[in-house]
Amino acid sequence: MHISKVSLINYRNFANANFYFNKGINTIIGENGSGKTNVFKAIRLLLEDVSLPYAYKLTEGDFNRTLDKGRWKGHWIIISIEFDELNDEEAIQSLFIHGAGVAEENYVKKATYNLFFRPKADIRQQLSELAEGDLVGLQTLLNEITVLDNYETFFTGKSTADFSDPVVYKELVGDFENVIFPPAIDASKFGSKIPHQLSVAKEISFTFIQALRDVVSDFHNNRTNPLLGLLKNKSGEINEAEYKPISDLVNDLNQSIEALPDVQNIRLDIRSTIQDAVGLTYSPSSLSIKSSVPDEAEKLLQSLKLFIGEPGEEYEGGIHELSLGGANLIFLTLKLLEFKYRKSKDTFANFLIIEEPEAHIHNHIQKTLFDKLDYGDTQIIYSTHSTQISEVSNVENINILAKKLNYAEVYQPSMGLNAESINQIQRYLDAVRTNLLFAKGVILVEGDAEEILIPIMVKKVLGVSLDELGISLINIRSTGFENVAQLFHQDRIKRKCAILTDLDDAICDTTVQPGDNDVLQKYKKRVAGSRKKGLERKTVLDAFEIGNPWVKAFYAKHTFEVDFVTEGNALEVIQIIDQVYIDQPTRDQSLTDLEENDVSIYGKRVLTMAKQEGKGWFAIMLGKHIFHKTIIPKYILDAIFFARDTYSPNIVADIIDYRIKKCLEDDSTLDFTDCRKKLLRYRSEEIKLEDLAFDFKLVIPNDQVMTLINKLK
């Protein structure tokens with residue numbers, strides 16, 4: 001038995017979200033604040049016995065923020081968990097047939113378990129009695145609702161409805177726009193009440209390991225110390241006959257301590273001092289100093305401490321002396337051992353939930369630990385920021401969280417893909433390329449030059465990094481764009497993916513003339529062949545884009561190196577001529593070629609230089625000479641603005657501020673007074689970006705900042 005689906009409706013930062021899980025190990029990835037902790041809180045409310053009381057303490061703050069400012073009133077929070085592959089054991093079947101299951105054959109194979117946080121029966125009745133379309137009456141009723149007085153928590157099972165379907169939600173909860181509310185609830189569809197004595201949480205093994213924030217403090221806290229948890233578990237299993245000699249020794253030790261002369265003298269001194277101070281009438285009738293070394297098994301075992309030696313060291317110290325990573329690893333190990341003890345009991349299913357386990361743990365340990373984290377009969381779900389952990393995760397078992405305004409979306413990157421496509425993606429994703437699962441936008445390139453130079457150009461020209469823009473640039477090399485870009489789709493990851501590639505258009509006339517020598521004929525044929533392949537590549541990508549608004553290809557007319565010079569960046573290439581060529585005549589000819597306006601001349605020269613050095617090394621050399629006046633080729637800018645089509649005013653204003661600073665370094669006489677005033681108003685969202693265009697055009701009409709404003713306005 002395993003969790004196959006979790007649906008969250010109106011809960012915290014989830015307005016309407018479905019998580020899909022498989023047997024074995026599952027991963028939830030997402031940036032800070034995307035809701036990873038909230039997913040686990042929701043699951044715990046239903047499956048963790050100690051969290052059950054909190055299910056009855058939900059507040060208006062637990063409603064999704066799209067329902068803020070009182071609009072939550074009348075709405076429901078729904079948390080639904082679907083189980084799959086229940087076996088035919090009598091104990092399991094008795095629980096789910098009477099509780100959460102739907103019997104389709106001789107026994108229940110699937111089951112649902114739901115939490116409804118909803119208005120109480122009297123409020124639901126009043127809502128159902130409203131006349132259709134009576135918005136005034138509805139608002140009057142809603143204004144009087146409070147969570148404390150008018151809401152209840154209700155558990156159901158045996159539901160067959162998809163609560164994430166807006167039509168189903170309206171049928172269950174009501175249509176607020178048209179004021180139509182159901183007089184009764186169809187239990188066969190939405191589930192029947194589950195008595196507390198049949199709680200699923202009492203019949204399973206469920207362990208939650210919280211994020212590793214400050215494990216040293218946790219070790220010092222009796223409530224959170226995982227070693228004490230293990231010792232308490234074991235102390236109940238100690239045979240009394242085996243423990244009696246230890247108990248006798250402890251009692252003898254206590255008596256010996258109490259009998260020490262110094263202890264007795266202090267007792268007498270305390271007694272006499274009290275009598276001298278307040279007299280015999282008000283003095284205690286008796287006074288003793290007793291040793292309190294515990295003789296009970298549980299308390300005595302709690303005095304044990306764990307001592308650890310770091311790898312490669314002979315010294316063995318306490319937890320507080322370990323590195324953060326070492327302490328975290330020990331804490332995690334003890335929690336896993338606690339889970340092993342717990343799951344050995346007779347339970348229907350075993351669930352292990354681990355929150356962000358990677359803190360301070362070395363990359364190799366992360367990968368090794370979670371590659372081996374498989375208990376066979378246990379479903380494991382963990383959340384992570386780590387690309388190392390996500391690298392060893394099965395792409396079919398990943399849920400990706402994406403932050404939106406006041407809510408989060410959930411994506412399953414393998415949804416709808418066939419086995420061959422999933423296998424291609426799984427082989428492709430490594431610790432570097434897994435970044436594309438975390439990014440707000442993605443740019444795919446297939447060359448070393450683009451991978452090296454585009455991040456440098458963005459930083460030098462715009463003053464921000466691709467990371468600050470939330471964009472991951474991934475070099476697919478020979479993988480094939482379609483194999484990776486298929487991840488970005490309405491059914492899978494709903495994020496923009498820009499493909500950067502070359503059209504390889506001819507830089508010269510490829511017609512072979514009668515007077516052409518063998519070398520020239522070979523060169524023209526090679527150029528013509530590249531153009532043919534470029535057109536074929538575009539035909540394939542054009543077909544691939546159809547019907548998918550999340551993917552778009554952008555093309556260099558010729559190649560990256562040629563288009564870089566075409567944009568007006570010959571100076572940067574000229575500065576590395578002396579590194580590429582040794583003899584002076586070739587250096588001089590190269591300078592002449594790069595200063596030409598004919599693409600057949602400067603294009604051939606820059607391609608020759610790149611080929612001689614190797615495109616990757618050529619890009620490294622060129623990267624040292626990129627500066628704020630370097631012009632980012634238009635097709636690259638287009639790809640950047642497609643990959644992330646919305647930017648906060650502060651990010652845009654930071655870029656504009658940077659361009660102002662660089663322009664003033666070149667010409668201190670420029671007057672940006674009016675521009676800066678407008679920019680401050682734009683930051684505070686008093687005006688729009690297009691309102692800046694006129695002022696900046698007056699001062700720096702040809703600067704790249706104008707391209708930025710025109711593209712984003």
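Brief remarks on what is shown
- Magnitude of the charge dipole, segment 647-712, Cβ model with Lys/Arg +1 and Asp/Glu -1, debye to 20: 160
- Of the residues MET1, MET415, the one with the fewest other Cβ atoms within 10 Å heads the list, and the complete ranking is MET415, MET1.
- C-alpha center-to-center spacing [segment 631-692, segment 413-486] in angstrom: 26
- Cα centroid separation - segment 528-574 against segment 1-56, whole Å: 43
- Counted by Cβ distance under 13 Å from PRO284, the other residues give a net charge of +2, where Lys and Arg count +1 and Asp and Glu count -1.
- The order of the peptides 527-533, 257-263 by mean Cβ neighbours within 10 Å, most packed first, is 527-533, 257-263.
- Once the Cα-Cα distance is subtracted from the 0.36 nm per residue extended length, the THR273 to GLN255 segment shows a gain of 4.0 nm.
- Residue ranges 537-547, 474-484 sort as 474-484, 537-547 when ordered by packing (mean number of other C-beta atoms within 10 Å per residue, highest first).
- Qualifying GluC sites (Glu not before Pro) for segment 107-175 [loop in DSSP, other Cβ within 10 Å: at most 10]: GLU132
- Cα Rg, Dmax (largest Cα-Cα span) when computed across segment 647-712, Å: 10.8, 31
- Computed over neighbours whose Cβ is under 11 Å from that of THR586, the net charge equals -2, Lys and Arg +1, Asp and Glu -1.
- Computed from the C-beta positions of LYS533 and LYS189, the FRET efficiency with R₀ = 56 Å rounds to 0.45.
- Multiplying the residue separation of LYS120 and ASN650 by 0.36 nm and subtracting their alpha-carbon distance yields 186.3 nm.
- The lysines within cross-link reach of LYS522, meaning a Cα-to-Cα straight distance under 19 Å and a gap of 8 or more places when in the same chain, are LYS532, LYS533, LYS604, LYS611.
- In this label model, THR347 and SER668 are separated by 7.2 nm, measuring between points 7 Å along each Cα→Cβ vector.
- Theoretical FRET efficiency, 1/(1+(r/R0)^6), r = Cβ-Cβ of ASN702 and LYS525, R0 51 Å, to 0.05: 0.80
- For segment 578-681, chymotrypsin sites (Phe, Trp or Tyr not before Pro) are listed when DSSP marks them as loop and at most 13 other Cβ atoms sit within 10 Å of their Cβ; the list is PHE627.
- Net charge of neighbours whose Cβ lies under 13 Å from the Cβ of GLU82, counting Lys and Arg as +1 and Asp and Glu as -1: +1
- Loop sites in segment 1-97: trypsin sites (Lys or Arg not before Pro), DSSP, at most 14 other Cβ within 10 Å: LYS57, LYS69, ARG71
Only the coordinates and a few stated rules stand behind these numbers; no lab work does. Keep in mind that what you see is a predicted model, and the values were worked out from it rather than measured. Virtual Cβ from ideal backbone geometry, glycine too; neighbours counted across all protein chains shown.
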